[in-house]
Structure formats: structure tokens, C-alpha cells
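Notes follow once the structure below has been shown.
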Amino acid sequence: MKPAQPNQSLIDGLACLQALAAHGGPIGSRQLGRMLGLEPTRVNRLLKTLAHLGLAQQDEKRKYAPGPAIHVLAAQSLRASGLLTNALGPLEGLLEFGYQVAMGVLWRDQVVYLYFVSPGADPRQGIAQEPLFPAHHSGLGQALLAMHTDDEVRELYAGTPHAGEVVLDGANGLLADLARTREQGYALTRVGETGAVGWRTLALVLDGQAGTAIGLAGDFTDRSVPRLVRALRSAAATIAEASDRRPRSRTT
């Protein structure tokens with residue numbers, strides 16, 4: 001929910017930064033402005049400010065890309081939270097079931113996959129390899145969206161480019177899916193890009209990490225769901241225990 005007096009310059013600046021990070025290559029200020037629905041002159045000012053801070057940089061064609069300071073922020077945040085370090089072992093343990101294993105966080109109406117590995121792939125290659133993915137088409141996304149009220153979900157989708165693509169109401173709407181997720185304590189969906197018969201995702205939110213979910217995806221039966229839910233909850237508990245044991249940084 002927005003605060004009573006949101007700082008729009010900060011909101012627009014972070015939107016520019018996030019769009020740069022997600023774009024996958026250099027982009028001009030005019031193109032970025034069209035993507036975000038912002039005036040080109042405003043975007044240009046914001047990008048120059050980000051470049052001054054080292055969070056963006058220009059190439060020889062005067063297009064913008066993430067700057068070195070964004071990697072500093074990423075490294076500092078991952079180290080401070082300890083989430084990825086604590087989660088790698090339990091997540092790799094879930095690969096024994098032969099399904100895709102993922103961990104992600106919610107960014108507006110998108111899921112950012114911190115970890116995503118398919119069966120047979122090298123687990124070491126699973127860190128931050130996947131692009132942003134629509135939350136309503138993701139088991140992890142639905143588990144995370146279910147942590148919000150229906151009114152918050154409505155407000156979220158009213159202000160996104162995907163607003164016209166997402167059916168919120170009705171028996172098959174997103175809000176009904178989220179209600180089932182809250183009741184079950186986990187998301188069980190048939191959504192995604194695979195399109196294979198029986199392909200589903202199963203996901204739940206980490207205890208103590210309300211903005212993070214872990215999940216499995218594959219061709220599993222209803223009979224397998226309780227066993228997979230137990231495995232996910234066990235992995236989540238192990239991650240939470242490791243986070244509780246992790247020493248906090250001290251200042252002097």
C-alpha cells in the first residue's frame with residue numbers, strides 16, 4: 001500500500017533502475033521512458049543522477065546499462081540477509097524428487113527467481129539465471145500474492161501494464177486461486193509456459209521471510225502432493241533455522 005505522501009521522484013528513479021537491471025542490454029532514455037510511461041526528459045534526468053551515483057553507466061552510443069554500484073548493492077544485500085547462502089543446501093536437497101526447484105521474491109507483479117534449477121542441470125548454475133516472470137503465472141508468485149489482501153492485489157494490478165491481462169474475479173479468477181492458497185497454506189497451480197499435460201507448480205512462503213517463496217514444478221500427481229508439501233516445509237524450516245543461527249553484524 002502506498003504511504004500518505006509517497007516520494008514520486010524516488011519511485012520513478014527506482015523504476016528506472018529496476019528496468020535497466022531487467023532489460024538485458026543497453027537502452028536509450030526515450031525507449032525506457034516509453035516502457036515506463038514517463039516523460040523522456042524526466043527519465044534522462046533520473047538516469048544521469050543514477051549514473052552519477054554509479055548505479056547506471058553510458059556506453060559509446062550513449063545508451064544506459066546498470067553501473068558497478070548496483071553489483072555492490074546486490075552483494076551487500078545478499079550478504080546481509082544470508083538468505084541465498086542458507087537456502088542453497090536445502091534447495092539442492094529437493095532436486096532428488098526429479099522436479100524443477102525454485103526460490104523467488106515478489107517485485108510488484110513479477111517474480112524474481114533467485115534460484116531456478118531443472119532436473120539434470122548443474123545446481124551451481126541455478127543462481128539468478130531466470131528473467132522476471134509474471135506472478136499470476138507462477139506458483140511462487142501466487143504463494144507470495146496470497147500474503148496480501150484482495151484489496152492490495154486489486155490495487156497492485158490496477159497500476160501495472162498487465163492489468164488488462166489478469167482476470168481477478170470469478171471462480172477461475174486470480175483472487176479465487178489466492179483464497180485457495182491461503183486456505184491450504186501452499187499454492188498448487190497449473191499455470192506457466194510449459195503447457196504440458198499435468199505440469200503443475202507447488203510453492204509455499206518461507207517462515208520469517210514473508211517476501212520469499214520456494215517451490216517445485218513438474219508432472220506430479222495429486223497423490224504426490226502431501227509428500228512434496230512435507231519436503232518443501234522441511235526445507236523451509238531448515239532455511240529458517242539457519243537464518244536464526246546466523247550471527248548478526250556488529251558495529252563498534
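Excluding the site residues themselves, the longest part of the chain lacking any GluC sites (Glu not before Pro) in a DSSP loop with at most 11 other Cβ atoms within 10 Å is 61-192. Residue 244 exposes around 120 Å² of accessible area when a 1.4 Å probe is run over every protein chain in place.
Close amide H partners of residue 110, meaning residues 5 or more places away or on another chain with modelled amide H under 5 Å apart, are 135.
Charge tally for residue 38 (other residues, Cβ to Cβ under 15 Å; Lys, Arg +1; Asp, Glu -1): +3.
Rounded to the nearest 10 degrees, the angle from helix 225-245 to the longest Cα principal axis of the chain is 50 degrees. Loop-resident trypsin sites (Lys or Arg not before Pro) (DSSP state other than H, G, I, E or B) in the range 40-82 with no more than 12 further Cβ atoms inside 10 Å of their Cβ: 61, 62.
Between 0 and 90 degrees, the angle of helix 68-81 with respect to the longest Cα principal axis of the chain falls at about 30 degrees. Mean-square fluctuations from a GNM of the chain, with a 10 angstrom spring cutoff on Cα atoms, peak among 226, 123, 26 at 226. Dipole magnitude for the range 79-208: computed about the Cα centre from +1 point charges on Lys and Arg Cβ and -1 point charges on Asp and Glu Cβ, it is near 220 debye. Only helices enter the 222 nm calculation for the chain: every DSSP H run of n ≥ 4 contributes -39,500 (n - 2.57), and dividing by all residues gives -14000 deg cm²/dmol, rounded to 500.
In the chain, a dipole from Cβ-located charges (positive for Lys and Arg, negative for Asp and Glu) runs towards its positive end, and of 51, 202, 128 it is 51 whose Cα lies farthest in that direction.
Nearest 20 debye, what's the magnitude of the dipole of the chain about its Cα centre given +1 on Lys and Arg Cβ and -1 on Asp and Glu Cβ?
Working: 25 positive and 23 negative charges, 155 e Å.
Computed charge dipole of the chain: roughly 740 debye.
The values are calculated or read from the model by the stated rules, or taken from the named source; none is laboratory data. For clarity, every value in this text was computed on a predicted model and none was experimentally measured. FYI the Cβ positions are ideal-geometry reconstructions off the backbone, even for glycines, and counts take in every protein chain you see. The accessibility values were calculated without ligands, DNA or RNA, using every heavy atom of the protein model including side chains. Shrake-Rupley method; radii C 1.70, N 1.55, O 1.52, S 1.80 Å.
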